[in-house]
Amino acid sequence: MKEIVLPKPQVKGKTSLEEALFARRTVRSFAPTTLTMDELSQLLWATYGISDPRQGKRTAPSAGALFPLELYIAVGEGGVEGLHSGIYHYLHARHALEIVAKGDRRKEVAQASLWQMWMAEAPLMVIITAEYRRTTGKYRERGIRYVHMEVGHAGENLLLQSVALELGAGIVGAFYDDKVAAVLEIPPHHEPLLIIPVGHPR
Ligand SMILES: Cc1cc2nc3c(=O)[nH]c(=O)nc-3n(C[C@H](O)[C@H](O)[C@H](O)COP(=O)(O)O)c2cc1C
């Protein structure tokens, strides 16, 4: 399958960490402004990208360095420059995307999220999923707790990076797991845990 290689992420920005922490708020209204590939690249890298290629370590910590999370994005029509609408899987090792399903699925994702239709305004949704067995294989029952903590780490990375890029992000935990998984056409062992709509605040 053809991969879409993302631009190289930046490790210097214009906003301080303190400014991003101070400004972060859940955003639930978005302008229909297209995101750039640079912005998308930065958002995905900040969430769960590789920061130490030698050791394979990421921007978020992980119990036992097992990294159970997988990121998917739902791109709306005209949502990201140079990308067709659809569902894509983030390939962290190559900082690239692979297409999973075609078409603008934002409305269906919003409907599957208890009809939170404000979500469908966002040009982009980042869906954080987990493959529990990567962590429970080593830590058993306690691994479930670790996976949930790790979604929080990655999610906050994304929220803060959004602010630092002068974007806004929402956060959605209220959705029907099976319906979201079906709309996204993701494999059954990648379980959706958090949906983060991102865009320019209206
Ligand atoms: C785990 C989690 C799940 C959430 N789910 C939703 C949701 O489904 N819909 C929504 O509108 N907000 C959701 N929120 C956002 C909270 O309502 C919001 O963070 C809270 O009101 C505090 O506001 P702030 O984020 O602007 O500081 C969620 C937040 C968290 C941490």
Among 112, 46, 65, which residue has its Cα positioned farthest towards the positive end of the charge dipole of region 35-115, with +1 placed on the Cβ of Lys and Arg, -1 on the Cβ of Asp and Glu, and the dipole taken about the Cα centre?
65
How much accessible area per residue does region 27-153 have, in Å², with a 1.4 Å probe?
44
Of the GluC sites (Glu not before Pro) in region 92-187, those whose Cβ has at most 16 other Cβ within 10 Å and which sit in DSSP loop:
141, 166, 185
Take 189, 95, 148 and sort them by solvent-accessible surface of the protein heavy atoms, 1.4 Å probe, largest at the top.
148, 189, 95
Accessible surface of residue 104 in the full protein assembly, 1.4 angstrom probe, to the nearest 10 Å²?
60
The chain, helix-only ellipticity at 222 nm - DSSP H runs n ≥ 4, -39,500 (n - 2.57), divided by all residues, nearest 500:
-9500 deg cm²/dmol
Hey, what do the phi angles of region 177-186 turn into as Karplus ³J(HN,Hα) couplings, whole Hz, using 6.51/-1.76/1.60 and θ = phi - 60°, x for Gly and Pro?
3, 5, 5, 4, 4, 5, 5, 7, 6, 8
Which percent of the accessible area of the chain is formed by carbon and sulfur heavy atoms (probe 1.4 angstrom)?
54
Would you rank 8, 138 by solvent-accessible area, highest first, keeping every protein chain in place and using a 1.4 Å probe?
8, 138
Which of 154, 181, 34 sits closest to the plus end of the dipole of the chain, meaning its Cα is farthest towards the positive end, when Lys and Arg get +1 and Asp and Glu get -1 on the C-beta?
154
Rounded, prolate or oblate: which fits region 41-109 when a ≥ b ≥ c are the square roots of the eigenvalues of the alpha-carbon gyration tensor, with rounded for a/c under 1.5 and prolate only if a/b beats b/c?
prolate
Give the total of Lys-Lys pairs in the chain with Cα-Cα distances below 28 Å; include a pair only if its members are 8 or more places apart or on different chains.
11
Treating only the Cβ of Lys, Arg, Asp and Glu as charged (+1, +1, -1, -1), what charge dipole size does region 61-202 show about its Cα centre? Round to the nearest 20 debye.
360
Dipole check, the chain, charges on Cβ (K,R +1; D,E -1), about Cα centroid: among 143, 89, 101 the Cα furthest to the positive pole belongs to 143
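The values are calculated or read from the model by the stated rules, or taken from the named source; none is laboratory data. Bear in mind the structure is a predicted one, so any value in this text is a computation, not a measurement. Quick reminder, even Gly has a Cβ in these numbers, built from the backbone with ideal geometry, and neighbours come from all protein chains shown. Just so you know, the surface numbers come from the protein's heavy atoms only, side chains and all, with ligands and any DNA or RNA stripped out. Shrake-Rupley method; radii C 1.70, N 1.55, O 1.52, S 1.80 Å.
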